[in-house]
Amino acid sequence: MRRRRVVRGPSLIGAAATTAVVVGTAKVVGGAMDGAADQKAAAQQQAAAQQQQVADLQTQQAELAAQQQALAAQQAAAPAAAAGPIPGSLDEQLAQIQQLSVLKDQGVLTEEEFQAKKKQILGI
């Protein structure tokens with residue numbers, strides 16, 4: 001009669017080896033997933049920081065624009081307060097107006113500032 005072979009499960013050492021492989025694989029996969037989550041969180045933090053910087057710069061620009069407008073208003077009011085024409089001959093007045101025109105063309109003076117200064121020079 002033939003003897004039947006008894007099928008046994010994996011040996012104790014084989015089961016331990018299989019468990020070690022499964023645990024090691026899980027650690028590697030889990031570590032990779034944690035790294036990806038950390039990178040995503042860091043990218044989100046960086047984006048938020050950049051957005052805050054942009055908002056801060058926009059606020060600063062608005063404040064500077066308001067200061068420039070206030071300064072321009074003060075400068076426009078100052079020539080009006082100074083009474084009377086600038087003394088000098090017609091040639092001196094023409095030279096001064098030409099210099100102002102150059103400044104206006106360069107963008108240093110606005111059209112309103114140029115006109116106000118011209119009126120002051122001419123005594124109008």
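What follows draws every value from the coordinates through simple rules; no lab data is involved. If you're wondering where the values come from, they're calculated on a predicted model, not measured in any experiment. Note: ideal-geometry Cβ built from the backbone for every residue, glycine included; neighbour counts use all protein chains shown.
Skipping prolines and chain starts, which residues have an amide H placed within reach, meaning under 5 Å, of the one on LEU109, given they are 5 or more residues away or on another chain?
LYS104
I want to check the label-to-label distance for ALA47 and ALA95. Put each point 7 Å from Cα in the C-beta direction and report it in nm to one decimal.
Placing both labels 7 Å along Cα→Cβ, they lie 6.4 nm apart.
What number, in percent, do you get for the relative contact order of the stretch 84-124 if the mean sequence gap of Cα pairs under 8 Å and at least 6 apart is divided by its residue count?
Relative contact order, the stretch 84-124: 60 percent.
Can you list the aspartates and glutamates whose alpha carbon sits under 14 Å from that of LYS104, skipping same-chain ones fewer than 8 residues off?
GLU112, GLU113
With only alpha-carbon pairs counted, each pair once and no self-pairs, how large is the Kirkwood hydrodynamic radius of the stretch 84-124 in angstroms?
10.1 Å
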